[in-house]
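The values are calculated or read from the model by the stated rules, or taken from the named source; none is laboratory data. Fair warning: this is a prediction, and the values are worked out from it, not measured in the lab. A quick note on method: Cβ atoms are made from the backbone with ideal geometry, for glycine too, and the neighbour counts reach across all protein chains shown. In case anyone asks, the SASA skips ligands and DNA or RNA and just uses the protein heavy atoms, side chains included. Shrake-Rupley method; radii C 1.70, N 1.55, O 1.52, S 1.80 Å.
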Amino acid sequence: MKIIIPLLLTLTFMTFGQVFGQDASTGSAAHTPAPLITSNERQEATGNISELTPGQSLVLHTGMKEGEPTVFRFAPQVTCVDADGKTVEAAGLRKNLRVRVSYVKAKGANIVDRVTILE
């Protein structure tokens, strides 16, 4: 719950910035602001990390689509926990590590706010 509220606030400010920051000449009638994220849209994925950019993103090979790993961008604050639910350092993330990510879809991107290390 501590992570969801800041994430929602960040996305709300991003949405308002796009709506109110538009130039009048671009015709705002064609732009529809992104809907706010609700907890009902939260999803999870499990797989092996195939690429990792610390503090920015990870690529997860879930096995769902043959040969198509999924890119997940990190939220401003990401919680990393072990299989027992104990908080661990994000520095422990590495390539080939089996993890479960909790994420939301926002503007076509998968935004992760919780990573559970399964190994």
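Enumerate the pairs (first residue in region 74-86 and in contact (Cβ under 8 Å) with a residue 40 or more places away in the chain; second residue anywhere and assigned to a loop (DSSP other than H, G, I, E, B) and among the hydrophobic types (A, V, I, L, M, F, W, C)) with beta-carbon separation below 7 Å, excluding pairs fewer than 6 apart on the same chain, so at least 6 apart or on different chains.
Matching pairs, first to second residue: 77/3; 79/3.
Would you mind telling me which numbered condition in (1) out of contact with any Asp or Glu (no Cβ under 6 Å at 6 or more places or on another chain); (2) surrounded by fewer than 16 Cβ atoms within 10 Å (Cβ to Cβ); (3) more than 13 Å from residue 55 (Cβ to Cβ) residue 79 fails?
Residue 79 satisfies every listed condition except (2).
Do we have any residue at all in region 83-100 that's part of a strand (DSSP E or B) and within 10 Å of the chain's Cα centre (by Cα)?
No, region 83-100 contains no residue that is part of a strand (DSSP E or B) and within 10 Å of the chain's Cα centre (by Cα).
What residue, among those in region 101-118 that are in a strand (DSSP E or B) and of a type in the set (A, V, I, L, M), is farthest from residue 62 (Cα to Cα)? Steps first, please.
Restricting attention to region 101-118, the residues satisfying the condition of being in a strand (DSSP E or B) are 101-106, 109-117.
Now restrict to residues that are of a type in the set (A, V, I, L, M): 101, 104, 106, 109, 111-112, 115, 117.
On the way: 101: 11, 104: 16, 106: 20, 109: 16, 111: 16, 112: 15, 115: 14, 117: 14 Å.
Applying the filter and picking the extreme gives 106.
Can you say whether residue 32 is outside any strand (DSSP E or B), loosely packed, with under 13 Cβ neighbours inside 10 Å and at pLDDT below 90, as far as the supplied structure shows?
On the way: outside any strand (DSSP E or B): yes; loosely packed, with under 13 Cβ neighbours inside 10 Å: yes; at pLDDT below 90: yes.
Against the criterion (outside any strand (DSSP E or B), loosely packed, with under 13 Cβ neighbours inside 10 Å and at pLDDT below 90), residue 32 qualifies.
Going by the structure shown, is residue 71 modelled with pLDDT of 90 or more, open to solvent by less than 60 Å² (accessible area, probe 1.4 Å) and of a type outside the set (Phe, Trp, Tyr)?
no
Please enumerate the residues belonging to region 87-105 that are of a type in the set (A, V, I, L, M, F, W, C) and open to solvent by less than 20 Å² (accessible area, probe 1.4 Å).
Once the filter is applied, which keeps residues that are of a type in the set (A, V, I, L, M, F, W, C) and open to solvent by less than 20 Å² (accessible area, probe 1.4 Å), region 87-105 yields 93, 97, 99, 101, 104.
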